[in-house]
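Structure first, commentary second.
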Ligand code: G6Q
């Protein structure tokens, strides 16, 4: 049953959709089942509830589900128009209704032969033109052809940006350091706290430092404040305003503001309003990463994204990895009431992946009105969090194992390490992966013991994502899986995953208080804020 128009208002409340009600009844019947029983009842369960997308293998058998659950969840996806919305997104439809924009991060990795038309214009040639320009620039920096003002080649690149203009390249640089040119150092400054830019520039010879100012709007106060400070220090160190031209490039949609800042728009790398900030890392926002890993590796990464885009667009929902992950998230969030979702990479290079996914998921699906503007009457996005294993095992896993809250978790691991350290029997990596496998096994099956304190009830849901090795392509695949998972969930919940009015509010709020911090005008807020402003003024 089709319950809503593709772009707009829900016709039927989600909780009244028959497929939703069927899931509620099914949940009542099976929520008490234990994974021990479910596995005992079906010796093939591990193979049956597993599937592949590109290089990623997903085992979702350690969730409290049966084949019937999957069927009912898929029926819900169909009833809520997921197929139509996927097609609309890929076709360049303006599905971001509150901003009247297309949502086309998939165009950023579309092959040159594709054609995606927005407002009468094919965007694919523009994407590839910018990619070529980025590639040429990255090669010039990497080869030493691009010189700083004093004639020195570039040894350091500092990306100045925040949120969607920082988290992607920062996460990916950590993930792909093994693929980077180690003679170049990449650093990131995002926070308006002066400590961040200070640390980012600490110890660098500014004569061999290149700044990439990454800002979609080029009006974000943190980024512009950091960029102005960097420009001041550079001009101070090199003694000439003209040095800015050789040491600053920009990534933006706003040529006028880039020129205003003093950056030659020749050295601006463009993207477009149909790329959301948190979806922008495969656009020119990835320029710093491209300089570090080189255009070929960057293209491999885009190819990884593209393989998952194709899978998401074409695979049947019951074998579609992003769709399944999204549906399982709905199962846990809406039917079991799980409030958080942990992402636990058993890979130290992915230490920033949870923070990246936190923005992707929580900024997209942290919404409480529907596309049509009515309040939602069901839970939407969970809190997303996590850190790499095995570190977390020595800290908060206690609560995942024995706490009173259900915390569904994604375990992400790799067959081969990028650093083979240790003896021929696998060394560090086998030890890491033994922990990886042992944890999901223990979470699912628990352990009985004579004393209650040592008893593990088990029955705690996990997904396992296993890939051959963390390469640029596999990183692109992983990110695309989560992008489309978030989209799947937003579609089912009937919300707009592509606006961020809460973030916009944050950008405006501080402006009112700022002048009150240095002046002696009477602050005009509530009694708590007024008192804190006065205390700050006395103490500053
Ligand atoms: C992303 C968010 C937000 C944004 C930053 C930076 O979806 O809207 O994180 O990316 O606020 O914005 P600019 O790129 O415009 O500086």
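The values are calculated or read from the model by the stated rules, or taken from the named source; none is laboratory data. Bear in mind the structure is a predicted one, so any value in this text is a computation, not a measurement. Cβ coordinates were reconstructed from backbone atoms using ideal geometry, including for glycine residues, and neighbour counts include every protein chain displayed.
Data table
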| item | result |
| --- | --- |
| Test: residue in region 192-212 that is outside any helix (DSSP H, G or I), closer than 16 Å to residue 352 by Cβ and either more than 16 Å from the ligand (Cβ to nearest atom) or in contact with a helix residue (DSSP H, G or I) (Cβ under 7 Å, 6 or more places away or on another chain) (or both) | no |
| Check on residue 380, touching a strand residue (DSSP E or B) at 6+ places or on another chain (Cβ under 8 Å), touching a residue at least 12 places away in the same chain (Cβ under 8 Å) and buried (at least 17 other Cβ atoms within 10 Å of the Cβ) | no |
| Every residue from region 313-341 that is over 15 Å from residue 78 (Cβ atoms) and in a helix (DSSP H, G or I) | 313, 314, 321, 322, 325, 328, 329, 331, 332, 333, 334, 335 |
| Leading residue by the ranking (surrounded by the most Cβ atoms within 10 Å (Cβ to Cβ)) among those in region 137-155 that are within 27 Å of residue 217 (Cα to Cα) and out of contact with any helix residue (DSSP H, G or I) (no Cβ under 6 Å at 6 or more places or on another chain) | 137 |
| Restricting region 246-257 to residues that are in contact with a helix residue (DSSP H, G or I) (Cβ under 6 Å, 6 or more places away or on another chain) and not in a strand (DSSP E or B), the residue that is farthest from the ligand (Cβ to nearest atom) | 247 |
| Residue 224 being surrounded by 16 or more Cβ atoms within 10 Å (Cβ to Cβ), in a helix (DSSP H, G or I) and within 16 Å of the ligand (Cβ to nearest atom) | yes |
| Close pairs (8 angstrom Cβ cut-off, 6 or more residues apart or separate chains): over 27 Å from residue 95 (Cβ atoms) in region 119-145, loosely packed, with under 11 Cβ neighbours inside 10 Å anywhere | 139/145 |
| Test result for residue 46, farther than 23 Å from residue 412 by Cα and modelled with pLDDT of 95 or more | no |
| Top-ranked residue of region 158-167 - restricted to ones that are crowded, with 23+ Cβ neighbours inside 10 Å and closer than 19 Å to residue 201 by Cα, ranked as nearest to the ligand (Cβ to nearest atom) | 165 |
| Any chance residue 333 is closer than 21 Å to residue 168 by Cβ and either free of Cβ contacts under 8 Å to residues at least 60 places away in the same chain or surrounded by fewer than 24 Cβ atoms within 10 Å (Cβ to Cβ) (or both) | no |
| Criterion: within 14 Å of the ligand (Cβ to nearest atom) and touching a helix residue (DSSP H, G or I) at 6+ places or on another chain (Cβ under 6 Å) - qualifying residue of 277, 304 | 277 |
| Answer from 402, 398 - the residue that is surrounded by fewer than 18 Cβ atoms within 10 Å (Cβ to Cβ) and touching a residue at least 24 places away in the same chain (Cβ under 8 Å) | 402 |
| Qualifying positions in region 484-503 - within 15 Å of the chain's Cα centre (by Cα), within 12 Å of the ligand (Cβ to nearest atom) and part of a helix (DSSP H, G or I) | 486 |
| Any hit, region 168-183, residues being assigned to a strand (DSSP E or B), within 27 Å of the chain's Cα centre (by Cα) and away from the ligand (no atom under 12 Å from the Cβ) | no |
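For (1) under 30 Å from residue 483 (Cα atoms); (2) without any contact (Cβ under 8 Å) to a residue 60 or more places away in the chain; (3) outside any helix (DSSP H, G or I), each residue gets a yes or a no:
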{"position": "219", "(1), (2), (3)": "yes, yes, yes"}
{"position": "231", "(1), (2), (3)": "no, yes, no"}
{"position": "235", "(1), (2), (3)": "no, yes, no"}
{"position": "244", "(1), (2), (3)": "no, yes, no"}
{"position": "259", "(1), (2), (3)": "no, yes, no"}
{"position": "263", "(1), (2), (3)": "no, yes, yes"}
{"position": "281", "(1), (2), (3)": "yes, no, yes"}
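Conditions tested, residue by residue: (1) modelled with pLDDT of 95 or more; (2) assigned to a helix (DSSP H, G or I).
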{"position": "8", "(1), (2)": "no, no"}
{"position": "12", "(1), (2)": "no, no"}
{"position": "21", "(1), (2)": "yes, yes"}
{"position": "25", "(1), (2)": "yes, yes"}
{"position": "37", "(1), (2)": "yes, yes"}
{"position": "52", "(1), (2)": "yes, no"}
{"position": "57", "(1), (2)": "yes, no"}
